[in-house]
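Below is one structure, written out as structure tokens; the observations come after it.
Readers should treat all values here as calculations from the given coordinates under stated rules, not as data from a laboratory. Not measured: the values here are computed from a predicted model. Cβ atoms come from the backbone with ideal geometry, glycine included; neighbour counts cover every protein chain shown.
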Amino acid sequence: MDTIVKLTVIAMLIFATVCTEAAEPIHIGSRRELFTDTALIERINGQLEFRLHHPTPREIVMLHDEPWEGNNTTYHCVFKDGDRYRMFYVGRNSTYQNGQLNIGPSSFCYAESDDSIHWRKPKLGLCEFQGSKANNIVMDAAAAAKHNARLGAPAVFRDENPEATPDARYKMFLNSRSPLGMFPMKSPDGIHWSPMSDKPVITDGAFDSMNLAFWDSERGEYRAYWRYFTGGTTNEKEWKPAGVRAIRTATSKDLLHWEAQSDLSYQSSLEMELYENGIHPYHRAPHLLIGLPVRYVDRAGASSLTSSDGSDRAGPERIRKWPASLRALPDFEQRQARAALSERYGSALTEGLFMSSRDGVNFHRRDEGFLRPGIERPGTWNYGHQFVAWHGVETASALEGAPNELSLYATEGVWLEKKGKTLRRYTLRLDGFVSAHASAKGGELVTKPIVFSGRKLSLNFATSAAGSIRVAIEHPNGKPIDGFSLADCSPHFGDTLDRAVVWSNQQDPGRFAGTPVRLRFVLQDADLYSFRFGD
């Protein structure tokens, strides 16, 4: 019997080895690979995990204190354009009168910066506000209405499609009035806009969030993302939500004709409601689409019961039933005022999440908060906090001699107050969303078979003074390659965005380019953020 068992085990090992060697390798070429998903990972051993990192709060970079910006400014988009940073955002004013929430006409505004920190609001002279055109309004509600549209939440992008004409270098969507949908606009400079169509080009959705699109250079197509309610219905003039807040996508070759509509799917079975999506190609690894959606969570709990008048307004009795932690959060009086309009306005909280995709539809979503509300202080821990601006941008570090970092921007402030919201900058290490992290006891990560191009392997990593990273290049069956084994790799330590791996005083694995190999990373008290083969 023992002999039969042994033979069976041997046969299984042989079968596993044959299957491993026969597995189709993943061609990564010279692209940078991050650890935002497990697509390249075969297995991990020891005390190693994939750790989500959190942006560091920095300075307030913008006060929305102009009268046309209102007190509920939101929907920011930021991108680097040549030697300047550009920002577009929606200004609107929310007031509370006679038990009703009134949202005034929106203004679509523009700002720019040389360093991503100090922003100026140029006087564009395009739209009149209270008798003057000395403002930074790109488009107001009246201008949008001329195109049978409303501003909604436009997201401007610079079109990198090589076939884009000079008069359409910048593009965005407005919200059409009838029928409901996404209405494409073009501009030669991001300031002066004209319609690309006389009707909406996408009509199946809620469109009550930031509707965005971009040119996907890796796949040679446009991709759009917009808000959708699972189970929702729409007609010519209104959208009736049902189910939960979700995200829908589609592709196009010309921004006018869209196909392959699909709701996003996630590897997680945890159901949650998502507002914004913030999806864009990550500039250092454009084959990866990065998303920074906003998670919506109502913390009222069991107190969320319909009032005697049939509304969802929360009076003092309902508010007394709130969890103690909810009542202890900042700006309680303001929270009560918002709850008197609708309980969720006072009890719901928002924060930024992180997700990534390799095909634009199936996303690896981290369910823990990425941009958390943070330490409690006035203007935080509310509905509307931490709406992350579309796009992170590469910026100079505040530390002299340090490499560039990633800057993200998110909203703070309490709407319904007279003063406007603010925009705070956050920073993150380049590629620093998720790391393969090992404790001081050490851990190991082995990739699936890959095919690379280039002559050297470089790492973005950080260790403690006593920590280290070693790398082996192996055959697909796990057999070490002479000269590139773990024994040939001295411990690498430090904190750098780009360090070439050295094996026995050599760093040229180029002779294995084009052939399937595996990488074996052994870490001790270290974080590995990304790796890349190149010349």
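Summary of values
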{"item": "Unit charges on C-beta of K, R, D, E only; dipole of the chain, Debye", "result": "680 debye"}
{"item": "Segment 56-429: relative contact order in percent, alpha carbon pairs under 8 Å with at least 6 residues between", "result": "15 percent"}
{"item": "Distance between modelled label sites at residue 197 and residue 479, nm, 7 Å Cα→Cβ extension", "result": "5.7 nm"}
{"item": "Two-site FRET efficiency, residue 271 against residue 376, from Cβ-Cβ distance with R₀ of 25 Å, rounded to 0.05", "result": "0.35"}
{"item": "For segment 460-535, alpha-carbon Rg over 2.2 N^0.38 Å", "result": "1.07"}
{"item": "Residues whose placed amide H lies under 5 Å from that of residue 530, excluding near-sequence neighbours", "result": "460"}
{"item": "Amide H within-cut-off set for residue 390, under 5 Å, with H built and near neighbours excluded", "result": "76, 77, 78"}
{"item": "Rounded tilt (10° steps) of 2-22 against the dominant C-alpha axis of the chain", "result": "60 degrees"}
{"item": "Whole-angstrom gap from segment 441-488 to segment 510-535, using each part's C-alpha centre", "result": "5 Å"}
{"item": "In Hz, Karplus ³J(HN,Hα) per residue of segment 519-535 (6.51, -1.76, 1.60; θ = phi - 60°; x = Gly, Pro)", "result": "10, 10, 9, 10, 10, 9, 6, 8, 10, 10, 9, 6, 9, 7, 8, x, 9"}
{"item": "Per residue, the convex hull volume that the Cα atoms of the chain enclose (Å³)", "result": "200 Å³"}
{"item": "Residue 297-residue 167 pseudo-label distance in nm [points 7 Å out on the Cα-to-Cβ vector]", "result": "5.0 nm"}
{"item": "For segment 154-166, Karplus couplings with θ = phi - 60° (6.51, -1.76, 1.60), whole Hz, Gly/Pro x", "result": "x, 10, 7, 9, 7, 7, 8, 4, x, 8, 5, 7, x"}
{"item": "Reachable lysines from residue 421, criterion Cα separation under 18 angstrom, eight or more residues apart if same chain", "result": "121"}
{"item": "Given 133/253; 80/199; 80/448; 321/418; 80/186, the pairs whose alpha carbons are separated by over 26 Å", "result": "133/253; 80/199; 80/448; 321/418"}
{"item": "Rounded to whole Hz, the Karplus (6.51, -1.76, 1.60) HN-Hα couplings of segment 125-138, x for glycine and proline", "result": "x, 9, 10, 8, 10, 6, x, 9, 9, 7, 8, 9, 7, 7"}
{"item": "For residue 370, residues with placed amide H under 5 Å, excluding near neighbours", "result": "352, 353, 354"}
{"item": "Selection from 182, 172, 156 lying farthest towards where the dipole of segment 151-193 points positive, charges on Cβ", "result": "182"}
{"item": "In segment 125-166, trypsin sites (Lys or Arg not before Pro) in a DSSP loop with at most 10 other beta-carbon atoms within 10 Å", "result": "146"}
{"item": "Projected label distance in nm at residue 400 and residue 96, using a 7 Å step from Cα toward the beta-carbon", "result": "4.9 nm"}
{"item": "Segment residue 502-residue 342, length gained on full extension (0.36 nm per residue, minus Cα span)", "result": "51.5 nm"}
